[in-house]
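Working notes, structure below.
The values are calculated or read from the model by the stated rules, or taken from the named source; none is laboratory data. Only a predicted model underlies this, so the values are computations on that prediction, with no experimental measurement involved. Every residue, glycine among them, receives a Cβ derived from its backbone with ideal geometry; neighbour counts consider all protein chains shown. Protein only, heavy atoms only, side chains kept; ligands, DNA and RNA dropped before computing areas. Shrake-Rupley method; radii C 1.70, N 1.55, O 1.52, S 1.80 Å.
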Amino acid sequence: MKSKILAFFSVLFLSSFVFAETCQEVLTVFCDLDRVPDYNYSTLLIDNIDANGKVEHMEVKQFGGGSNGLKNTVFDFQSPASVKSTRVLQAEKVGKQDERWIYIPSLRQSRRIPMSERYKSFVGTELTYNDMTIREPEEDENEMLAQSEKITVSGTEYTCWKMKQTPYKKSEVEYGYRISWYDKKSYIPVRIEYYDKKNDKKIIKIYECEKVEWVKGVTGIEYPLRRSNLVSNLVTGRKTRVMVKDFKFDDPISDSYFTQSWLISGKAK
């Protein structure tokens, strides 16, 4: 089962009339793309922090949208100079695996990222290409560990569903299983712990949603936005923080952004 494409800061529309109690119900709401803006634009500020505290700043333009019910995402790296004009295209396909392509300006060519490489770093960050997708409920064995567990992330307390999620195809991912806490108001996972394949007691990476902010699109629909996110690699000591600088939701974006032509030229029609 293929993964659905999303921008890292992916948003979900609040559904107050849904009272989910099973893993399947919670994840169905989380994966429902009708709850994501049809179009989205944002500027992402990314800080890569090494084990000694040294910070590398990156700025990325992100566009999301598409036609015929398909959701596509593109990333255009603005800085630093070492990654400037690097571009990534994630395209959802019907009846087959989604596609990911990267354009590397130093080589002046684009290449497809195969499934076997999706566990690798997303353009030098502690995120992987797998992290840039929403996994379908059917891709994992999902076990409810707690129906209502309180957890505090960056000073904010959430009441969450706590789940253990074990991928069926472990060769496609970089971890053995993950423990996730899904906020009961927004259905957003506010904390995810990733466990080692060889030592199932060892946490290798932690994702935390540091700030959730309710915002409106141009049509007036309200969405919870992951304003700040932190990924900590416990093996290397490195961290990546992703912050949303500015954004616009539900304002139509040309389909030309989601093409090979844009990937190479960086220009949309």
Worksheet, complete the sentence: (1) in contact (Cβ under 8 Å) with a residue 12 or more places away in the chain; (2) surrounded by fewer than 19 Cβ atoms within 10 Å (Cβ to Cβ); (3) not in a helix (DSSP H, G or I) all hold for Ile264 apart from (3)
Item to complete: Please state which one of Glu193, Glu157 is part of a strand (DSSP E or B) and open to solvent by less than 60 Å² (accessible area, probe 1.4 Å).
Response: Glu193
Discussion item. Can you tell me how many residues within the range 100-120 are open to solvent by 30 Å² or more (accessible area, probe 1.4 Å) and touching a strand residue (DSSP E or B) at 6+ places or on another chain (Cβ under 7 Å)?
Written reply: 6
Practice prompt. Collect the residues in the range 204-219 that are open to solvent by 40 Å² or more (accessible area, probe 1.4 Å) and either hydroxyl-bearing (Ser, Thr, Tyr) or not in a strand (DSSP E or B) (or both), keeping them in residue-number order.
Written response: Val218, Thr219
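Every residue, every condition in (1) within 30 Å of Met144 (Cα to Cα); (2) modelled with pLDDT of 65 or more; (3) open to solvent by less than 50 Å² (accessible area, probe 1.4 Å), yes or no:
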{"site": "Leu12", "(1), (2), (3)": "yes, no, yes"}
{"site": "Ser15", "(1), (2), (3)": "yes, no, yes"}
{"site": "Asp34", "(1), (2), (3)": "yes, no, no"}
{"site": "Val55", "(1), (2), (3)": "no, yes, no"}
{"site": "Phe77", "(1), (2), (3)": "no, yes, yes"}
{"site": "Ser82", "(1), (2), (3)": "no, yes, no"}
{"site": "Asp98", "(1), (2), (3)": "yes, yes, yes"}
Discussion item. Considering only residues that are over 16 Å from Gly124 (Cβ atoms) and either surrounded by fewer than 19 Cβ atoms within 10 Å (Cβ to Cβ) or of a type in the set (Ser, Thr, Tyr) (or both), which ones fall in the range 236-253?
Written reply: Met243, Lys245, Asp246, Lys248, Asp250, Asp251, Pro252
Discussion item. Going through Glu92, Glu126 one at a time, which residue ends up being surrounded by 13 or more Cβ atoms within 10 Å (Cβ to Cβ), touching a residue at least 24 places away in the same chain (Cβ under 8 Å) and over 27 Å from Asp196 (Cα atoms)?
Written reply: Glu92
